[in-house]
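Read through the structure below, which is laid out as structure tokens, and then see the notes.
The values are calculated or read from the model by the stated rules, or taken from the named source; none is laboratory data. Model, not experiment: these values are computed from the prediction. Methodologically, a virtual Cβ is constructed for each residue, glycine included, from the backbone with ideal geometry; neighbour enumeration extends over all protein chains shown. Heads up: the accessible areas ignore ligands, DNA and RNA and are worked out on the full protein's heavy atoms, side chains in. Shrake-Rupley method; radii C 1.70, N 1.55, O 1.52, S 1.80 Å.
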Amino acid sequence: MQPPVVQEQKHRGTFAFPLEFHHVDQSHPRYHMPLHWHMDYELVRVLEGELILSLNARGLTLGPGDAALIEEGVVHGGLPGQGCVYECIDMDLNEFLRGNIPDFSDTARTLDATFPQNSEELRTIHRLFDTVKAGQSGYVLLAEGLILQLAGLIVQNHRYVSGGEQTARTAKRVRQLKAALGCIRKRYMMPLTLADLAAPTGLSPRYFCRFFTEMTGRTPIDYLNFYRMERACEQLIYTRESVTEIALSCGFNDLSYFVKMFRKYKGTSPRQFRKGGQTL
């Protein structure tokens, strides 16, 4: 059974209120946010430390009090610095807007991911996070109102740029990256070679390795092992399976090699991680 991806402080989305809240600190199994994408919008705010976001291979650094709004379909991931604590809200923004603001979905535009300090948009984002996090009586109505207010401010203040800035070549590279990441997500538990990872992109293994490294900052095999470690962390926290069973389910046939890789990426052993002795 797929374990939940959030450890605590999560309001599960419903059909009537399609929003989920994530509080992420060093104890979170996905403290390092793997590259992924989805058809929801995602708000990220940093409470402590520094978070480096990757948005379609473009780097963005957030500090305490900063926030970013990530559009649907954008390949994104996050690398937290020492002591970083951040929060995320995933939401079906189109469902909240109900088609009332067509300019917001204009295909010729793309959202500016960040907002200036002391801007009304940023203050609204912080109020939204605080409202959802508190979860007090009436918070659903308040949250919906704040989401609509944020959308209105974005339109009113033209917080987007021309979509023409994304060239056809860039769009193609993002599609190829999504194909490779999709392969890893679906088949990480199986033995995978560089040729296997390259196949969905239509690139030769040699060129694919260079392409993937340029887009993610990691080699394909390094990212595959990183992703496997993230899934192993989830299983260590949310299941009672043995370390050996988890290693096998994450694509490792050699337990000693799994433990070695876990130490490399997490700075501790699988058993210590399970006991709550995580280190960075």
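Things to note:
- Those residues of segment 197-216 which are without any contact (Cβ under 8 Å) to a residue 40 or more places away in the chain, part of a helix (DSSP H, G or I) and either open to solvent by 20 Å² or more (accessible area, probe 1.4 Å) or of a type in the set (Ser, Thr, Tyr) (or both), in sequence order: ALA199, PRO200, THR201, PRO205, ARG206, TYR207, CYS209, ARG210, THR213
- If the condition is being more than 27 Å from CYS84 (Cα to Cα) and open to solvent by 20 Å² or more (accessible area, probe 1.4 Å), then segment 252-280 contributes ASN253, ASP254, LEU255, SER256, TYR257.
Table: residues versus (1) in a helix (DSSP H, G or I); (2) modelled with pLDDT under 95.
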| residue | (1), (2) |
| --- | --- |
| ALA68 | no, no |
| VAL74 | no, yes |
| ASN94 | yes, yes |
| ASP103 | yes, yes |
| LEU148 | yes, yes |
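- Qualifying residue in segment 184-196 (condition: among the aliphatic types (A, V, I, L, M), more than 30 Å from ILE125 (Cα to Cα), out of contact with any Asp or Glu (no Cβ under 8 Å at 6 or more places or on another chain) and open to solvent by less than 50 Å² (accessible area, probe 1.4 Å)): yes
- Answer residue from segment 59-84, given it is farther than 24 Å from TYR265 by Cβ and free of Cβ contacts under 8 Å to residues at least 40 places away in the same chain and is most open to solvent (accessible area, probe 1.4 Å) among those: PRO64
- Remark: pairs (first residue in segment 167-193, at negative phi and in contact (Cβ under 8 Å) with a residue 24 or more places away in the chain; second residue of a type in the set (Phe, Trp, Tyr) and in a helix (DSSP H, G or I); Cβ separation under 6 Å; 6+ apart in sequence or on different chains) = ILE184/TYR227; TYR188/TYR227.
- Among the residues listed as GLU245, GLU165, the single one being open to solvent by 70 Å² or more (accessible area, probe 1.4 Å), under 24 Å from the mean Cα position of the chain (by Cα) and either over 18 Å from TRP37 (Cα atoms) or modelled with pLDDT of 95 or more (or both): GLU165
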